[in-house]
Every structure is written in structure tokens, then in C-alpha cells.
Amino acid sequence: MTDSCCPEYAAMTRRGLFTGVALAGTSTLFGSTLLTTAASAAGVARSVLVVVSLRGAADGLSLVVPHADPVYYSARPRIAVPSSALLAKDGFFGLHPDLRPLLPLWQAGRMAAVHATGLPVANRSHFAAMEEVEDADPGSSARVGWLNRLLGTDGDRSPLQGFAVGGGVAPTSLLGPEPFLAADDVDDLRIAGDDEWDPQGRRVRSLQTMWDGAPAELGGAMRSVFRAIRDLQPVRQTPAGPANGASYGSSDLGRALQTAARVIKGNVGVEVLTVDHGDWDMHTNVGTLEWGRMQNLTKQLGSALAGFFTDLGSHGDNVTVVVLSEFGRRVKENANVGLDHGHGNVMFVLGAGVRGGQYYGTWPGLSGQLDSDLVVTTDYRAVLSEVVAARFDVSTASVFPGYTQAESLGLMRSS
């Protein structure tokens, strides 16, 4: 967290952002990055979806630059990304040059961007917008996230249900009735007392003897814990280091995605992983390609995602990644070389099923007034719905209640 973010986001300290809600998942905290996993029946994953949330409202106009819209350059005389530096340029858009590590994925048709996406109605409160995006069920008072509803579509109940270990809080998208695992670290997942001072395993056997026949709810929870520890053993046996010469960089995001890759390679049936990466709230010092926070975080994003897919190797053939943020930034730069809260943003989709190497969405045109936003022309649920339908073959109506997509983006191939 830095001093350049807004008071609301600053008040959402890392403890405030990532704690305060009862956990039912596996959460591992890496500095400013939170990783959460949710497991299906052990060893059976329909598909794997990784949702990377850029907390703090990343500036999509810097990540994917509309170089052919003249207002972009007139509204940002000090921080605009030069057209000549952009990558993967078409006649209108181009990628930030610090996303260069992702260029091979783009060129291979494994990465796409959808611009001018977001909530149907602007919400400039970080916390409220995160809740709204991750509930994806406007008008409902039920605190059930869209990823939890997705997990509930197959009727399976994870043996990890009800198992929570350690700190950190799962994102709203995973909260709900479907169980998921919680822990500080994959290597720390063990029964208390199961350590080097009990080489014969007597403590664990005693606990199992005590709880195996217990009929009460607590007895069932303990049995779930024993099963979860057993089923996660392949993940702990998977080397922690990256494979295939992958390099994630040294960021929190890189470390979180490295652990995500280890969980996926462990092949225990994990279907959904979320990675929350903070610090994208830039009211000051967005900077240029030579200095500032945007170039630094964009480098982290590019290196971490590229390292993730390199590390996964063939495991990546079943993995789709969605990158999104709670809202975007204003079109016009402010007096502090920063950007204030806006509305529309860009979403990235990478990996399995994506028709990549191109930009999607309807461009609304920019206005350079002080309070101008990037107007949203694509509901963010349209992107998520296409990913869910293509990769999980389920009714999107059960995952995104009340939402009907008017027209397909054509973003995804069927499985």
C-alpha cells in the first residue's frame, strides 16, 4: 500500500481487505497478493479457472492503449503511452510495452483483451464495487459469490468442505454454501501435532480414533479435515520450484501464481483459484515508461502471468485465466500525474479456450473533460459468462442470476 492511493483504499489495509469474513477456502497471503483455491472432488477437474483481481482499480487505458483515439493523448499529456512503443498493435489498440513477456501468448492466439468492460452502473467505491463485481447478483441480499455458484453446478462436495486454516480472507466471489479449503501455505497444511516430534504418527491416529465415530457436526468437520489433508498430499509432493525454466519475477503476484501452478500440477481436482493483487490505486505518480508505479506493476503482471503458463507446461491446456479490476480510471490525468476513479476498464482472458491475438468490445470514443470516464459498452458478466459456458459447460443463468447476454462476443471456443 502506498500514500498515493485514495483514503478509502488506504483504510482498507491489508488486514481490512483480506480479513473479517469467515473462511471456507484455502488462502495463502503473499505480501500484497492473496491466493485462494477451491477444490472439486479429488482428481477430477472439469476445467481450471484462475481469476486474477487487480485490486485498487487498474487503469485499463494504460494496459491496452486506444492509440487511434486522439482524446487519449490530449487528455494525458504527461502519462500517455507513446503509440510507437505499443505491442501487438492493430489499427486502434496496442498493449503496454511492459506486457512484453505475454507477447508470445498473444501471438499464439492464447491471450485476448476486451475493452470498455465493467459494471452496468458506475460505482466508484473500491469496496462496494468489489462486492458488486464478485457477487454478480444485483438486487440480491444473499452473500454468495459467482465462483461459489459455479462450484455448486456439478453437485459434488469437496472433501475439503469446512476446512479453514490460517489468516487471509477469501474474495466475495468464493463465499457461499459450497466448501473450499483455507490455509496459510500449502506446505503448512497438516494436522496439529503431526510433526517431527511424533514420527510414529500416534497423535493423528489418536485424533482419528476420537473423531471417526463422532456423530455431531464437529465430528463431520474433523473427518473432512482428515480427508482434505489426505487428498492434498499430491500437491505437497509437487516441487515448489517452477518447471520448464519459468521465471515469475520477484513480485507477490509471481509468488502467488507460482503456488497456484503447484496446486494445479498436483492434480487434486482444484477447479477455481483466485489471486488478488493489490496496489493499483494510482491517484499520483502513474508515471511514464521510465518511472512511476504503472510501469512497475505492469512489469510484474506480465512476468508473473508469462511465468505461470511456462511453469504449467501441458497442464496449461486446461487452464483459463481472467484478469479484471473493480473499475477503471478517469480518462484525463489529474494535477498529481495520477488518475482518479472512473468506470470502464479492460479485461484479459488467457489460456484454454480463448480466441486470442485480438481485441474485443465496442469502443465508445473518449471524452477529455475533467470527469470523463471510459463508457462501459460490455457488461463484465458477458466476458465471464462466455468463459464459464465454454470451459464448464453449465447454465450461466445459475452462475449469473438475472443476467442475459444479448450478443456473443465470440471470445471463447467450445471445449
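The values are calculated or read from the model by the stated rules, or taken from the named source; none is laboratory data. Treat the numbers as computed from the prediction; the structure is a model and nothing was measured. In this analysis, Cβ positions are derived from the backbone assuming ideal geometry, glycine residues included, and neighbour counts consider all displayed protein chains. Side chains included, ligands, DNA and RNA excluded: accessible areas come from the protein's heavy atoms. Shrake-Rupley method; radii C 1.70, N 1.55, O 1.52, S 1.80 Å.
Between Arg330, Arg293, Arg205, the GNM of the chain built on Cα springs shorter than 10 angstrom shows Arg205 fluctuating the most.
Would you mind getting the accessible area per residue of the chain, heavy atoms of the protein chains only, 1.4 Å probe, in Å²?
38 Å²
Within the listed set Val225, Val263, Val204, the residue fluctuating most in the Gaussian network model of the chain (springs between alpha-carbon atoms under 10 angstrom) is Val204.
Before rounding to the nearest 500, sum -39500 (n - 2.57) across all DSSP H runs of length at least 4 in the chain and divide by the residue total; then give [θ] at 222 nm in deg cm²/dmol. Please report the intermediate quantities before stating the final value.
Working: 14 runs with 123 residues, N = 415.
Calculated from helices alone, the mean residue ellipticity at 222 nm is -8500 deg cm²/dmol.
Placing pseudo-labels 7 Å out from each Cα toward the beta carbon at Arg190 and Gln233 gives an inter-label distance of 1.5 nm. Taking the empirical scaling 2.2 N^0.38 Å for compact globular proteins as reference, the chain has a Cα radius of gyration ratio of 0.98.
Report the gain in length on full extension from Leu289 to Ser250: 0.36 nm times residue separation, minus Cα-Cα distance, nm rounded to one decimal. Each step should come with its number before you reach the end.
Values: separation 39, 0.36 × 39 = 14.04 nm, distance 1.96 nm.
Full extension of this stretch gives 12.1 nm more.
In plain terms, the bigger the Kirkwood radius, the slower the diffusion; for the stretch 48-134, with that radius from Cα pairs, at 20 °C and 1.002 mPa s, Stokes-Einstein puts D at 145 µm²/s.
Positive contributions from Lys and Arg (+1) and negative ones from Asp and Glu (-1), summed over other residues with Cβ under 14 Å from the Cβ of Pro82, come out at +1. If R₀ is 25 angstrom, what is the calculated FRET efficiency for the pair Ala406 and Gln369, using the beta carbon separation as r and rounding to 0.05? Efficiency for this residue pair is about 0.30.
Were the residues from Ala243 through Gln200 laid out at 0.36 nm apart, the gain over their Cα-Cα distance would be 12.1 nm.
Extending 7 Å from Cα along the Cβ direction at Asp90 and again at Ser141 yields two label points whose distance is 4.5 nm. For the chain, the antiparallel share of DSSP beta bridges with both residues in that region comes to about 60%. Helix 217-231 against the longest principal axis of the chain: what's the angle in degrees, Cα atoms only, rounded to the nearest 10? Helix 217-231 and the main axis of the chain meet at about 70 degrees. Simple point charges give the picture: +1 on the Cβ of Lys and Arg, -1 on the Cβ of Asp and Glu, and for the chain a dipole about the Cα centre of about 600 debye. Short-range pairs are left out: with C-alpha atoms under 8 Å and at least six residues apart, the relative contact order of the chain is 30 percent.
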